[in-house]
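Worksheet: one structure, shown below.
The values are calculated or read from the model by the stated rules, or taken from the named source; none is laboratory data. Quantities reported herein were computed from a predicted structural model and do not represent experimental measurements. Cβ placement follows ideal geometry from the backbone for every residue including glycine, while neighbour counts extend to all protein chains displayed.
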Amino acid sequence: MRTIAIINQKGGCGKTTVAINLASCLAAHGKKTLLVDMDSQSHCAVGLAVPEEQIEQSIYDVLISNARGEPIRLAEVLWQISESFELAPASIDLAAFDQQMIGVVDREESLKHVLDKVGNDYDYAVIDCPPAVGLLTFNAIRAASDVIVPVETGYFSLHGLSKQLDTLSVLCKQCSQQINVMVLASMYDIRTKMGREILGELRKQFSDKMFKTTVNFNTKLKEAASLGQPISEYDPSSKGHKDFESLAEELIGTDTQTRRAEMVGTLQSKLDKISASAEELLSNIKTPQPQKIAKADTMGQVTPQEAPEAATVGQKVAQTAAATPEKTIDEKIADFYGVRQLEDSVMFVTLYPRASSVQIAGDFNNWQPDGTPLKKVGTNGAWQIKLPMNKGKYRYRLVVDGQWQQDPYNEATESNPYGELNSVLEVH
C-alpha cells in the first residue's frame, strides 16, 4: 500500500480538497483507496456528506484503543464512500491526542501500526493532516511513503514554502526514513500576472519536487465540497475534475510497484498473443496442393500440368493494394506532429487525445492564446493550426486545457524567466 500524507502548516491552502478529490480519482482508476482524516475539524466527513451525528467512532478511537492494549479494528470505524473508496473519519477528540498519548511508548508509530495491518487491503492510503506540526502530523509522516505539500500560488505561501520543506526534512530525519516529498501548486489563477509569476518561481526553485499537474482555481470544487461530493461526482466535465484526474494519473505513473505489475501484465499479454498466432499459423500450414494448368502436348492437345500455388501471389498483392483506401488529407496531416514551415506560413501539429482545447501563445501573438486555438483533426487526437509568419526567430508555448507547456514535438527550447521552457521556431 502506498501511503500519501497531505501536509502544510498553513491553513487555507486546499489540503482537504486535495485529499478528498485525489482519493476519489484514485478510486475511480480502480485503486482501492483509504482516506484517513487526522484533522480534528473533521472536514473530510463534511466534504463527503457523512453525518457528524452518526459518527460513533473515529480514527481517534482506533489509535487510542491500540495504545491501551484494547484494540478496535479499523474496519469498525470506516464509512463506504464508493465501491473502491473508504473513509476513516476524524472527531474533535483528536484535539486531545497529544495529551492522551503522553508516556506511551512509540506513540509516533500509532498510525503506522494501524495502517500496517490493512496494508494488503488497499492500493493507496491518503492522510489529511492538521495545519500544525504536532504528534498527529508526526504520526502521518511516520506512516507515509510520500508527502504532498499543497501550495497556494500566493506571495505568503511562496515565502513560507522553504521553511515548510526544511521542517519536513527534519521530521523525516527524525523518522529515519526516506520519504518522497512533492509540491503541488493549488488554487492557481491563470488570469492573474502574480499567479503566473509565482508558479514560474515555484517551478524554478523546486523543479525537481514539483508535480507537473497544477490544480487551478475552480468554483466547481467549492460547490462540490459544500454539497458533500467529490468533484468526480458533482461535475465530471469541470476543469477541477480534469486537474485531479491528471494528478492521480501522474501519481500512479510514479508508482514503481504498479508500473512493474502493469509491465509484467503487458508482457504476458503480448506473449499470449504471439503464442496464439504461432498456433494458428501452424494449424494453417498444409502440404501445398499442386494446381493444374494447361500445357500443349506433342500432339497439340492441351493437357493439365502441376504448378505451384505461388503463381497467384501477384494477384493477391494487387487485390490487397486495391483494398487499401487512400488516406484523407486530415489523416496525412495527423501523421506528422511538430512544426513544419510552408511557403507563406507555419503549420503546428500536436497530439492530445484527451484534451478539450489546445491553444498556442508566443511572441508572434503577444502571448495571447485565446485568439489562436488549434483545430482538432481526424479521430486520433491530433490538433493543428496554420499561421502566417515572417522570417525570424519565435518563442511559443502550448496551452492545453488551460495548462501552459512546451511543445512536446519540438526539441528546440530555451529557458524563460519563470524557470520553464519555451519552444523555439526559426522561420527562414
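Can you tell me which residue is surrounded by the fewest Cβ atoms within 10 Å (Cβ to Cβ) among those in region 13-51 that are within 14 Å of Arg2 (Cβ to Cβ) and β-branched (Val, Ile, Thr)?
Thr33
From the set of residues in region 52-92 that are under 11 Å from Met38 (Cα atoms) and touching a Ser or Thr at 6+ places or on another chain (Cβ under 7 Å), which is surrounded by the fewest Cβ atoms within 10 Å (Cβ to Cβ)?
If we take residues in region 52-92 being under 11 Å from Met38 (Cα atoms) and touching a Ser or Thr at 6+ places or on another chain (Cβ under 7 Å), then Ile92 is surrounded by the fewest Cβ atoms within 10 Å (Cβ to Cβ).
Can you name the residue in region 121-142 that is in a loop (DSSP other than H, G, I, E, B) and modelled with pLDDT of 90 or more and, of all such residues, is surrounded by the most Cβ atoms within 10 Å (Cβ to Cβ)?
Cys129
Which residue, of Asn365, Asn416, Asn380, is in contact with a helix residue (DSSP H, G or I) (Cβ under 8 Å, 6 or more places away or on another chain), modelled with pLDDT of 90 or more and surrounded by fewer than 19 Cβ atoms within 10 Å (Cβ to Cβ)?
When all the criteria are applied, what remains is Asn365.
Residues of region 53-70 being among the charged types (D, E, K, R) and within 20 Å of Cys129 (Cβ to Cβ), which ones? Working first, answer last.
Applying the first criterion (among the charged types (D, E, K, R)) to region 53-70 yields 53, 56, 61, 68, 70.
Matches in region 53-70: Asp61 only.
Conditions tested, residue by residue: (1) part of a loop (DSSP other than H, G, I, E, B); (2) closer than 27 Å to Gln80 by Cβ; (3) at pLDDT 80 or above.
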{"position": "Val183", "(1), (2), (3)": "no, no, yes"}
{"position": "Ile198", "(1), (2), (3)": "no, no, no"}
{"position": "Lys220", "(1), (2), (3)": "no, yes, yes"}
{"position": "Pro236", "(1), (2), (3)": "yes, yes, yes"}
{"position": "Asp272", "(1), (2), (3)": "no, no, no"}
{"position": "Ala276", "(1), (2), (3)": "no, no, no"}
{"position": "Leu282", "(1), (2), (3)": "no, no, no"}
{"position": "Thr287", "(1), (2), (3)": "yes, no, no"}
{"position": "Ile293", "(1), (2), (3)": "no, no, no"}
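Which of the strands (runs of 3 or more DSSP E) contained wholly in region 328-428 include at least 3 residues that are farther than 18 Å from Lys212 by Cα?
Counting at least 3 such residues, we get 338-341, 346-351, 358-362, 375-377, 382-387, 392-400, 421-427.
Just need a number here: residues in region 181-216 that are over 18 Å from the mean Cα position of the chain (by Cα) and either buried (at least 21 other Cβ atoms within 10 Å of the Cβ) or without any contact (Cβ under 8 Å) to a residue 12 or more places away in the chain (or both).
Residues meeting the conditions: 6.
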